[in-house]
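Scroll down for the structure; my scribbles are underneath it.
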């Protein structure tokens, strides 16, 4: 069977070869949506594989995989990386680890680099901006596992926390301790990061189930560097919460900075609960209650799932997301 070329895709979709090249390289600035659809359909129908992916797929297995995290500052990310490494070591595989800084362009560059190094597969904490590229890789049958975040289509296995359940646990624990005025602190939701959106949604539904008011001003979601300023403004108002739910470790750090600056006592002046554990939270002046993610289970399962895909002859058309149950670690901050 003759190799399908970029020219074949161009002729099939009724565009120039350069337009197909722009599509493959994710340059859509001046491309009409209808053109994108025609090229996508032509690639799928013809089974076209970009040269750099085709070269990688033809190589003998290298015993390496790539891990691209969205933000390596999260304890969640580093623990998962450790679990992935442990599992890969047991199976004779080695890791390349990259940090995308929540930037789709940086993630794309790392994917290209890792494929050029002929990794056998990728574990990605996906940013919100490379969906078309993921589709091309899926068409090329390149093995990928997603962690922590959903994309618009179930192209690959995805492993993540049951985020709404985690928020329900947080509200339930605060409510049981008598807190009725509960606020939420989150890092920015501008990029529509799955866990942040789901945790806010779960928070709202949990509050409504308990007939507790959800004041929009009490949901503080912003870039990390302005969170303490936003919290100060809220606290200085005549109407502020008596407890906060921090949706991740970075949001919690900013919340604790604000509490320390204002010389507030936990839990006497303000109750605190957060998602994501860390060793320092257990030994803090007031140990902080958390909803823990099973990071080591997620990392181990991600590695095992990817290794299974690597050894498979083909990928399934769609994959169900696997959700993990959160675990309450009750301490003294509520």
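Every condition in (1) assigned to a helix (DSSP H, G or I); (2) at pLDDT below 95 is met by residue 217 except one, and the failing one is (2). In this structure, residue 274 does not qualify as at pLDDT below 95 and either over 26 Å from residue 94 (Cα atoms) or assigned to a helix (DSSP H, G or I) (or both).
Sort through 190, 206 and tell me the only one that's within 24 Å of residue 293 (Cβ to Cβ), assigned by TED's automatic domain parsing to the domain that holds residue 276, crowded, with 23+ Cβ neighbours inside 10 Å and free of Cβ contacts under 8 Å to residues at least 60 places away in the same chain. The conditions single out 206. Checked against the criterion of being at pLDDT 85 or above and more than 26 Å from the chain's Cα centre (by Cα), the candidates 5, 78 yield just one match: 5. Residues in segment 88-109 that are out of contact with any helix residue (DSSP H, G or I) (no Cβ under 6 Å at 6 or more places or on another chain), more than 16 Å from residue 136 (Cα to Cα) and buried (at least 20 other Cβ atoms within 10 Å of the Cβ): 1 in all.
Report yes if some residue within segment 156-176 is assigned to a strand (DSSP E or B), within 24 Å of residue 256 (Cβ to Cβ) and in contact (Cβ under 8 Å) with a residue 24 or more places away in the chain; otherwise report no. Yes, that holds for at least one residue.
To keep it simple, each residue is scored yes or no on (1) crowded, with 17+ Cβ neighbours inside 10 Å; (2) under 29 Å from residue 125 (Cα atoms).
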{"residue": "181", "(1), (2)": "no, no"}
{"residue": "198", "(1), (2)": "yes, yes"}
{"residue": "218", "(1), (2)": "yes, yes"}
{"residue": "222", "(1), (2)": "yes, yes"}
{"residue": "242", "(1), (2)": "no, no"}
{"residue": "247", "(1), (2)": "yes, yes"}
{"residue": "257", "(1), (2)": "no, yes"}
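The number of residues in segment 47-67 being modelled with pLDDT under 85 and either buried (at least 19 other Cβ atoms within 10 Å of the Cβ) or under 19 Å from residue 25 (Cα atoms) (or both) comes to 11. For segment 89-105, the set of residues classified as touching a residue at least 60 places away in the same chain (Cβ under 8 Å) and farther than 30 Å from residue 28 by Cβ consists of 91, 93, listed by residue number.
The values are calculated or read from the model by the stated rules, or taken from the named source; none is laboratory data. Values in this document were obtained by computation on a predicted structure and should not be read as measured data. Here Cβ is always computed from backbone atoms with ideal geometry, including for glycine, and neighbour counts include all displayed protein chains.
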